[in-house]
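Every number in this text was worked out from the coordinates using simple rules, so none of it is lab data. Remember, it's a predicted structure, so these values are computed and weren't measured experimentally. Every residue, glycine as well, gets a Cβ built from its backbone with ideal geometry; the counts of neighbours run over all protein chains shown.
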Amino acid sequence: AQSVTQLGSHVSVSEGALVLLRCNYSSSVPPYLFWYVQYPNQGLQLLLKYTTGATLVKGINGFEAEFKKSETSFHLTKPSAHMSDAAEYFCAVVGGGGADGLTFGKGTHLIIQP
Amino acid sequence: GAVVSQHPSRVICKSGTSVKIECRSLDFQATTMFWYRQFPKKSLMLMATSNEGSKATYEQGVEKDKFLINHASLTLSTLTVTSAHPEDSSFYICSAKEASNYGYTFGSGTRLTVV
């Protein structure tokens with residue numbers, strides 16, 4: 001079964017500072033990995049995904065993530081935080097539950113300090 | 001890009017009644033749709049997977065008779081919460097998967113409150 005661990009339920013950074021949200025996965029097969037963002041009372045918006053190919057994945061809103069097989073990690077970064085980045089972020093992997101459904105981490109609440 | 005429409009966004013119902021939530025893929029055909037439940041300040045929990053024209057596959061611990069799922073076409077899946085009780089109050093989110101790639105698009109969610 002596949003699983004995802006997000007380190008840190010809350011992360012606080014200053015506006016303009018580097019954002020680093022950590023995600024580690026467990027998978028018996030090559031994983032497909034995703035990062036989603038959720039604003040209050042809304043659905044999930046895809047930031048980026050890794051399926052195959054280049055291990056450094058660029059997404060929307062200046063976010064990127066690097067797939068590191070040796071570390072079983074898929075950390076999300078953004079060079080300079082903006083106030084509008086304050087939200088809940090979820091890392092997910094295909095599998096672990098339904099045959100094709102996503103298994104989500106517990107989420108990281110990103111707080112941006114002015 | 002792919003868009004999934006979910007309705008209603010909010011619903012309040014009386015205990016013992018049933019509520020139907022619709023999930024539509026607007027510009028693509030979704031052979032597979034998923035239903036998730038999200039508790040306050042918690043992650044998403046996969047409830048069931050539905051494939052067009054076949055019975056839904058429910059996750060362990062999810063009552064199939066309480067949460068009826070119908071996926072009658074390639075663009076529409078519905079979740080009916082039957083005989084709702086206050087403990088069914090939650091945020092329900094659907095997701096549709098495009099057949100051509102691992103593109104999972106989410107609806108905007110439905111806030112169900114059972115009183």
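Shape verdict for segment B:49-93, please, from the Cα gyration tensor: rounded (a/c under 1.5), prolate (a/b greater than b/c) or oblate. Write down the numbers at each step before the final one.
Values: a/c = 2.24, a/b = 1.72, b/c = 1.30.
Prolate, since a/c reaches 1.5 and a/b exceeds b/c.
What is the local net charge at B:T49, summed over the other residues whose Cβ is closer than 13 Å to its Cβ (Lys, Arg +1; Asp, Glu -1)? Working shown, then result.
Values: positive: B:K55, B:K64, B:K97; negative: A:D100, B:E52, B:E59.
Combined, the nearby Lys, Arg, Asp and Glu give 0.
Could you please tell me the mean projected area of the C-alpha convex hull for chain B, averaged over all directions and given in square nanometres to one decimal?
Numbers: hull surface 27.2 nm².
Convex hull of Cα atoms, orientation-averaged projection: 6.8 nm².
Using a ≥ b ≥ c from the Cα gyration tensor of segment A:47-110 (square roots of the eigenvalues), is it rounded, prolate or oblate, where a/c under 1.5 gives rounded and otherwise the larger of a/b and b/c decides, a/b for prolate? List each step's numbers first, then the result.
On the way: a/c = 2.09, a/b = 1.32, b/c = 1.58.
Because a/c hits 1.5 or more and a/b fails to exceed b/c, segment A:47-110 counts as oblate.
Isolated Cys in chain B by the 4.7 Å beta carbon test?
B:C13
In percent, what relative contact order does chain A have, based on Cα pairs under 8 Å that are 6 or more apart in sequence?
Numbers: 290 pairs, mean separation 42.4, N = 114.
After rounding, I find 37 percent.
In whole Hz, with x marking every Gly and Pro, tabulate ³J(HN,Hα) for segment A:52-57 from phi via Karplus 6.51 cos²θ - 1.76 cosθ + 1.60, θ = phi - 60°.
9, x, 4, 7, 9, 10
Measuring from label point to label point, each 7 Å out along Cα→Cβ, what is the B:Y102 to B:S18 span in nm?
It works out to 3.7 nm between the two label points.
Hey, which aspartates and glutamates would be in cross-link range of B:K64, C-alpha to C-alpha under 15 Å, not counting anything within fewer than 8 residues on its own chain?
Here the aspartates and glutamates satisfying the reach criterion relative to B:K64 are B:D88.
Within segment B:1-94, list the trypsin sites (Lys or Arg not before Pro) lying in a DSSP loop whose Cβ has at most 10 other Cβ atoms in a 10 Å radius.
Details: sites: B:R10, B:K14, B:K20, B:R24, B:R37, B:K41, B:K42, B:K55, B:K64, B:K66; in loops: B:K14, B:K41, B:K42, B:K55, B:K64, B:K66.
Answer in residue order: B:K14, B:K41.
Taking 0.36 nm per intervening residue step and subtracting the Cα-Cα distance, what contour gain separates A:S9 from A:A86 on full extension? Display every interim value, and only then the final one.
Details: separation 77, 0.36 × 77 = 27.72 nm, distance 1.34 nm.
Result: 26.4 nm gained on full extension.
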